[in-house]
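The values are calculated or read from the model by the stated rules, or taken from the named source; none is laboratory data. Small disclaimer: the values here were computed from a predicted structure and weren't measured. Neighbour counts run over all protein chains shown; Cβ positions are idealised from the backbone, glycine included. SASA here: full protein model, heavy atoms, side chains in, ligands and nucleic acids out. Shrake-Rupley method; radii C 1.70, N 1.55, O 1.52, S 1.80 Å.
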Amino acid sequence: MKINIHIKSFLVSFIFLIGSVSFSQDRCNTAVNLGTLPSAAACGSTNSGTTLTYNGTTTGATAENPYSALSCMDSPAADVWVSFVAPANGNELNINFTSSLNTANIGLYASTGGCNTLSGVLCENSATGNITASLGALTPGTTYYMQISGEDETDFANFQLQLSVTNNCD
């Protein structure tokens, strides 16, 4: 009988502990910092910068309450956030996102002061789980936050995010 009480107490404590653990990157203020993106090549060359690759997952993520997202995104959805700084050289951001999400959603925000000053600059979604997009107004030195999600609170998957910066010399 005494052993049974200890087991029950342990199980209740374990369940409470597991339930209180939160996924570390599913809020803007805990975004994974990817650092400053590699600079683009000068005009007249190949115009391509080095590609930064980030492998992530939405598994274990939750939807914020209240949920905030750009208009093209499905919501509420289990989301994760990453951040990066635009390099001094390059004016166009290229995004290549691959996943097995049912529907992939990406919201990109520029910020002048962290998560309290987000301004939406790009919104993309895809029923294939993959997104290829470009942002032609990249501002050097600006911090960008990217919100990544599936179609709802149960659409989880691993993903690969590739970011590169080019110089649009036209």
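Structure summary
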quantity: Selection within region 76-103 - assigned to a strand (DSSP E or B), among the aliphatic types (A, V, I, L, M), within 17 Å of L52 (Cα to Cα) and open to solvent by less than 10 Å² (accessible area, probe 1.4 Å); calculated: V82, L93, I95
quantity: Test: residue in region 112-131 that is on the phi < 0 side of the Ramachandran plot, in contact with a Phe, Trp or Tyr (Cβ under 8 Å, 6 or more places away or on another chain), in a loop (DSSP other than H, G, I, E, B) and among the polar types (S, T, N, Q); calculated: yes
quantity: The listed residue being at pLDDT 95 or above and either within 14 Å of the chain's Cα centre (by Cα) or farther than 13 Å from F159 by Cβ (or both), out of N102, N65, N47, N96; calculated: N96
quantity: Selection count, region 109-128, where residues are open to solvent by less than 30 Å² (accessible area, probe 1.4 Å) and either touching a Leu at 6+ places or on another chain (Cβ under 8 Å) or over 14 Å from M73 (Cα atoms) (or both); calculated: 5
quantity: Of the criteria (1) touching a residue at least 24 places away in the same chain (Cβ under 8 Å); (2) over 19 Å from N33 (Cα atoms), which one N65 fails; calculated: (1)
quantity: Residue, farthest from the chain's Cα centre (by Cα), within region 146-170, restricted to residues that are small (G, A, S) and closer than 15 Å to M73 by Cα; calculated: G150
quantity: Any hit, region 135-145, residues being open to solvent by less than 10 Å² (accessible area, probe 1.4 Å), within 13 Å of the chain's Cα centre (by Cα) and at negative phi; calculated: yes
quantity: Criterion (open to solvent by less than 20 Å² (accessible area, probe 1.4 Å), under 16 Å from L34 (Cβ atoms), free of Cβ contacts under 8 Å to residues at least 60 places away in the same chain and not small (G, A, S)) met by exactly one of I106, I131; calculated: I106
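One line per residue, one yes/no per condition, for (1) among the hydroxyl-bearing types (S, T, Y); (2) more than 15 Å from W81 (Cα to Cα):
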site	(1), (2)
L101	no, yes
N105	no, no
G113	no, yes
L118	no, no
S126	yes, yes
A133	no, yes
T142	yes, yes
Y145	yes, no
